[in-house]
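Everything below concerns the one structure shown next.
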Amino acid sequence: MTQITLINGDGIGPEISDSVIKIIEASGLKISWDIQTAGADVIEQEGTPLPERVLNSIKKNKVALKAPVTTPIGKGFRSVNVQLRKSLDLYANLRPCKNLPNVKTKFENVDIVVVRENTEDLYAGLERQVDKDTAESIKVITRDASERICKFAFDYAVKNDRKEVCVVTKANIMKLSDGLFLDCYRQIAENYPQIKKREILVDNLCMQLVQNPSQFDVLVLPNLYGDIVSDLCAGLIGGLGVAQGANIGLDYAVFEPVHGSAPDIKGQNKANPTALLLSAIEMLKYIGENEYAEKIEKALFKTLSQSKFTCDLGGALSTSEFTDAVIQNL
Ligand code: NAI
């Protein structure tokens, strides 16, 4: 039986994880879940939000499904997500944003794939307090990391029959750091004559995305812009409840939704499990379980087509009612 690490997270994490496990089980696919707790809830007992056992489990199983984990703002431990991505060198954050059946949004025909660099930029964690009134964060951009993320984006485009890869920077202002990212894009792009190229500044991109998003195909961005733009793109397709994601490296892959732990709706049986479910569907495709992936995707799309929605999409179903509806449609 395939063994997969499951980090069931905190906040709404356990509720949506339960939902997804139930749906996968009901599809008939047998998975042995290696459940690993992480985050704020384990700090007291284990002294860290990301114990070594979690990393060891992913190293053993190679693939993980991850629900969101809270990162307290301000002082304290580093983000579990940032640590996980760095420790396992999950350098590519892939966030496909495509309209879902019957989910009403401002625009139709949104089909954007955000490829976000996942290991450096302002997420390098290099901050210092210069004096009591001044703090600095260092933005790190390296040739190696920029080249490999641009290569990932172009390879993804070729494999998935996409037409264009657009690079997003602020190289007019950050001439050295974003300038290097742009240079790497231009060099890598030369190896892909069949894919259209485009360069855009991040501020212009944001404006264009909220006016005419269907003009974009694959976007490749440094870490921080990728983080912000992928939430914007999530908004274009129905919000965080439906936005899937994956962190992919050479050796390991961790599939997780774009959204966080949503403490405002924790424990209320209200959360939309769709984003985690779509991430799990991609995970099943990644491990070669295409037949089950398609079966579950069909059941999910049928459920949405029947206007069975959780409240974030304007419906009245609870997490468990939505889960049951998907299972019924399997
Ligand atoms: P959030 O994504 O948790 O919530 C933003 C808004 O979206 C809230 O109103 C929430 O109720 C709603 N929302 C999110 N997911 C939903 C779902 N599945 N169904 C229905 N509504 C949903 O962002 P926020 O509040 O900024 O962050 C909360 C915590 O999550 C923070 O500690 C943050 O660091 C952490 N976080 C963790 C991530 C991860 O584990 N990958 C990613 C992003 C944030």
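The values are calculated or read from the model by the stated rules, or taken from the named source; none is laboratory data. All of these numbers come straight from a predicted model, not from anything done at the bench. Quick reminder, even Gly has a Cβ in these numbers, built from the backbone with ideal geometry, and neighbours come from all protein chains shown. Only protein heavy atoms, including side chains, enter the accessible area calculation; ligands, DNA and RNA are left aside. Shrake-Rupley method; radii C 1.70, N 1.55, O 1.52, S 1.80 Å.
Would you please name the residue that is farthest from the ligand (Cβ to nearest atom), looking only at residues in segment 262-303 that are hydroxyl-bearing (Ser, Thr, Tyr) and either open to solvent by 10 Å² or more (accessible area, probe 1.4 Å) or in contact with a strand residue (DSSP E or B) (Cβ under 6 Å, 6 or more places away or on another chain) (or both)? It comes out as 292. From the list 245, 239, exactly one residue is within 14 Å of residue 115 (Cα to Cα) and within 11 Å of the ligand (Cβ to nearest atom). Which is it? Selected residue: 245, the only one of 245, 239 that is within 14 Å of residue 115 (Cα to Cα) and within 11 Å of the ligand (Cβ to nearest atom).
The criterion of being open to solvent by less than 40 Å² (accessible area, probe 1.4 Å), over 16 Å from the mean Cα position of the chain (by Cα) and within 16 Å of the ligand (Cβ to nearest atom) holds for residue 100. Restricting 57, 32, 27 to residues that are open to solvent by 30 Å² or more (accessible area, probe 1.4 Å), modelled with pLDDT of 95 or more, hydroxyl-bearing (Ser, Thr, Tyr) and more than 17 Å from the chain's Cα centre (by Cα) narrows the list to 32.
For the criterion of being within 10 Å of the ligand (Cβ to nearest atom), open to solvent by 60 Å² or more (accessible area, probe 1.4 Å), at negative phi and not assigned by TED's automatic domain parsing to the domain that holds residue 174, residue 312 passes.
Residues in segment 213-223 that are in contact (Cβ under 8 Å) with a residue 60 or more places away in the chain and out of contact with any Gly (no Cβ under 9 Å at 6 or more places or on another chain) were compared, and the one that is surrounded by the most Cβ atoms within 10 Å (Cβ to Cβ) is 222. Screening the candidates 206, 184 for the property of being closer than 23 Å to residue 247 by Cβ, in a helix (DSSP H, G or I) and either at pLDDT below 95 or open to solvent by less than 50 Å² (accessible area, probe 1.4 Å) (or both) yields one hit, 184. Counting only helices (runs of 4 or more DSSP H) that sit wholly inside segment 1-82, those with at least 2 residues that are near the ligand (Cβ under 10 Å from one of its atoms) are 13-27. Would it be correct to say that residue 194 is assigned by TED's automatic domain parsing to the domain that holds residue 117, in contact (Cβ under 8 Å) with a residue 24 or more places away in the chain, assigned to a loop (DSSP other than H, G, I, E, B) and open to solvent by 30 Å² or more (accessible area, probe 1.4 Å)? Here the answer is yes, as residue 194 does meet what is asked.
Only one of the listed residues (149, 112, 200) is more than 30 Å from residue 314 (Cβ to Cβ), part of a strand (DSSP E or B), open to solvent by less than 70 Å² (accessible area, probe 1.4 Å) and at pLDDT 95 or above. That residue is 200. Go through (1) charged (D, E, K, R); (2) farther than 22 Å from residue 152 by Cβ; (3) in a helix (DSSP H, G or I) one by one and return the number of the condition residue 175 breaks. Exception for residue 175: condition (3).
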